[in-house]
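One structure is given here, and the rest of the page talks about it.
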Amino acid sequence: MSRITVENVTRRYGGAKAVDGVSLDIADGEFLVLLGPSGCGKSTLLRAIAGLLAPSEGRILVDGRDVTDIPARGRDLAMVFQSYALYPHLTVARNIGFPLRARRVRRADVRRRVAEVAEILDLSALLDRRPRELSGGQRQRVALGRALVRDPGAFLMDEPLSNLDAQLRTATRTEITELHRRLGRTFIYVTHDQVEAMTMATRVAVLNRGRLEQIGSPTEVYDQPASAFVAAFLGSPPMNLLDAELVTRDGQLHAVAPQVDVPLGIRVAAAGAPRDGGDPAAGRAIQLGIRPEHLLVTSATGGTGSTDSTDSGSAHETGPAVLRGTIRTVENLGSEEIAHCVIGATEVRVRARRPAGLTAGDAIALSARPEHTHLFDRDSGRRLVWQSDQPVSVPPARVPVTT
Amino acid sequence: MALAIEGPTAEQAVLEPVAAIAAADGDDIPGGRSRVMTVVGHVTLALLGLACVFPIYWMYATSLRRPDDVYKTSVLPWPLSVGSYRDALDELDLARLLLNTTMVAALTALGQLLTSILAAYAFAVWNFPLKRLLYLAFVGTWLVPFQVTMLPNYVLLHQLGLLNTLTGVIVPNLVSALGVLLLRQHFDSFPKELLEAARIDGRSSWSTLWTVVVPNLRAALSALAILLFVNAWNEYFWPAMVLQRDNSVLQLGINSFLNSTEVEAWGPLTAAAGLACLPIFALYLALQRQVINGFVRSGLR
C-alpha cells in the first residue's frame, strides 16, 4: 500500500499554470477521485504523480519518500489510461505480462501471475487474442490486468470509463469499486463525471483552473460545497445560484432579490448584537444557492387551474412562498420532472417527482427550508457561514484554498 | 376481442425509410461523385498505370526475343528465346555483381534505417535544447546537392585508404535525411499514451523503442527500407567514383557492357537489366502489403 503526498505542486506550460499549488495527502487504501471540468488540470496532476511529467514546483512523496525526480518506473505505481494504451502488436497475455517482463521476472512466474490476473478479471478465454479483437469492456479489463499484475502500491486511473457505453460504464464502475475493496490499495481516479466521483470515491478533490477547490467525502462536497464553483459543478441539474443581498428583518436574516425573499433561519439578535450598533451582514452581496431537489413547489397556477404539489404525489411540502416566477419549460425524465423557471433575471431549476402537474407558461411559487440554503460570497465565490456576529468566508474542509 | 399492437408494426416502420432510400437511388451517389466521373477517373488511372508498366514490359519482351528479332515491334515476343540471357551471363560475371550490389544496397539501407530510427525517435520523443534548429539543420542536409559533398568525401576516403573498397561506397551513405524526415512523421503520430504506458510498465526509452515503437511501425519501416534499398541499388555515380573498376557492382557492370560492345547488343543488355531488376521485384513482392500501408500512412502514395 502507498500513502501519496502532493506538496504544493505547480505545473506550468509557458506562462499558463495547468496545476497551481495543489496539496493533497492521500492515505493508504484511499479511493481519491480528482474531479473537475475539462482543462482543470486533473490529468496533469495525475501524470505528475505518475512521473510522466515533472512538476515545475513542489514535491511528490510516496510513503514518505520523495519521488519528484524519480522516473515513472521507479515509483511503484500502475496507471490505467483513458485509451487503455494496450500494445496492439501483443496478445492479451503478453500485454498483461509486459510490466513483469520489463522487470525481468522469470517466465514461469510471468505465466503464473498472468493466469491469476486473467482469472480475477475473467479474461482467461481471451489470452491469445490481440487488442483489436476485443470489445471496449474487454480492453478496459486488460488495461486493468496490466496494472494489477505487478501488485503496485497504488493505482492511477485517467478517465478509464469514458470510452465505454453507459450500460458498460455502470457495470465497470461497480467492478472497479469492488476491486478497490478487495485489494485495499490506494486508488487515484481522474474523471469529469460526477456520478463516478460520488459513487466510487472515499474522498473527492474538486479542481478548477488548476487549483484545488475542495476536498472531502462525496457527501461533504455535495452537501457543503466550499465554493459556488463546486456547488454548480456537482449535481444534475446543478445547484441554483441567485444573486441576492442580505437583509435583516424582524431579527431574521433574509436573502432578497427581485421575486426572491428567502428567510435563512438565522436570528441576528440571538446570534449577538453587532458591536457598532449596525448589522454588518445587511446589504452584503451574496449568491444564494438552493439545489433543485430542495425547492418545494408551493403552487403552480396557469390558465387551466392551479396545482398544489402535495396533491400531485411529489414529496414536496407546502410552505411560505419565497421565490415566485414563471415556468419556461418542463423536462420529463421518466421518474421525475425538471421545471426550468424564470425568477427575476435568473433561471431556476426545480426537480419534482412525476406527475408534478407543472406546465410551461404557468406561474410558480417555490419555497425552501433554511437548512437547504447555501450562501456564497459574490466576489470570491467562497462559502459563507454564520459566525457569532458576521458572515465570514471560510476555507474548505481540511485543505486550505487560496481565493 | 383480441389484443392488438398499437401503432405501426416494427416491420412497417423499417420498410418506409428503405423505400425512401430506394426511390432516391439514381445514377448519382448522394454526396458522392457521379458514375461518369468515376469511370473517367478509373480509365485515366489505368492509362497511367500502363504507361508506367510498358517500359518494363518492353525490356523483358526484348530480352526474350531471338537475337535477330530484337528490333521487331510486335507486342508479344514470339518465338521466345533465352539466347540474350545466355550472352549476358557469358559477358558479365553476374553472380559476383549481384552479390556485391546486394551487399552494398543491403548494408547501406540497413545503416540508413538504423540511424534514421534513432534520430527520428530522438527528435519525435525527447525534448532537448535547440531541438527544432538541429532538426532543420539535419533535414536541410537533404537539400545539399551530391556534387557539393562529393569531393570532400572522396578526399576523406582517400586519406582513410577506403578508395576502391565496398566499405568506401557504404560508409559515407550511412545516414539518410529523407529517412529521418519520413520516420519522424510516423513517430510523431505514434500514440503518446503507448510510450507513457511503457514508461509506467518499467521500460527505458531505449527498450520502449525496440519493444513498442518499432514493432508497431513495421509498415512504415518496410516502406522506408525498400525505398532506401532501391536508392542504394540504383546508385551509379558514387560507386563509379569510389570503386574505379567497371565490374564491381551491377550498374557499373551493365554500363561497361554497353560500352564494350561495338554493335548495340540490345538483347543481352535488356537481359542483364532485367536480371538486375529481379531482386527489387522480389523484395517488393515480399513487402508489398507493408509498403503500401507505409506509403498510405505517410501520405506519400
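See the values below:
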read-out	value
Matching option when the condition is touching a residue at least 12 places away in the same chain (Cβ under 8 Å), out of contact with any His (no Cβ under 9 Å at 6 or more places or on another chain) and among the basic types (Lys, Arg), among B:184, B:203, B:199, B:218	B:184
Hey, residue B:184 basic (Lys, Arg), open to solvent by 50 Å² or more (accessible area, probe 1.4 Å) and either in a helix (DSSP H, G or I) or within 25 Å of residue B:242 (Cβ to Cβ) (or both) or not	no
Subset of the range A:149-161 (residues that are more than 11 Å from every other protein chain (Cβ to nearest Cβ) and open to solvent by 10 Å² or more (accessible area, probe 1.4 Å))	A:151, A:159
Filtered residues of the range B:200-222 (kept if assigned to a helix (DSSP H, G or I) and at the interface with chain A (Cβ under 9 Å from one of its Cβ atoms))	B:200, B:207, B:211, B:212, B:215, B:216, B:218
Which listed residue, of B:225, B:197, is more than 14 Å from chain A (Cβ to nearest Cβ), crowded, with 21+ Cβ neighbours inside 10 Å and not in a loop (DSSP other than H, G, I, E, B)	B:225
Residue ID - farthest from the other protein chains (Cβ to nearest Cβ), chosen from residues in the range A:48-99 that are of a type in the set (Ser, Thr, Tyr) and open to solvent by 20 Å² or more (accessible area, probe 1.4 Å)	A:68
Matching option when the condition is under 23 Å from residue A:179 (Cα atoms), in contact with a strand residue (DSSP E or B) (Cβ under 8 Å, 6 or more places away or on another chain), at pLDDT 95 or above and part of a strand (DSSP E or B), among A:22, A:33	A:33
Condition broken by residue A:306, with the remaining ones in (1) more than 30 Å from residue A:266 (Cα to Cα); (2) surrounded by 15 or more Cβ atoms within 10 Å (Cβ to Cβ); (3) at pLDDT below 90 satisfied	(2)
Counted residues, the range B:34-88 - those being assigned to a helix (DSSP H, G or I), surrounded by 12 or more Cβ atoms within 10 Å (Cβ to Cβ) and of a type in the set (Val, Ile, Thr)	4
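The values are calculated or read from the model by the stated rules, or taken from the named source; none is laboratory data. Everything numeric in this text was worked out from a predicted model, so none of it was measured. Please note: Cβ atoms are built from the backbone with ideal geometry, for glycine as well, and neighbour counts cover all protein chains shown. Calculation scope for accessible area: heavy atoms of the full protein, side chains included, ligands and nucleic acids excluded. Shrake-Rupley method; radii C 1.70, N 1.55, O 1.52, S 1.80 Å.
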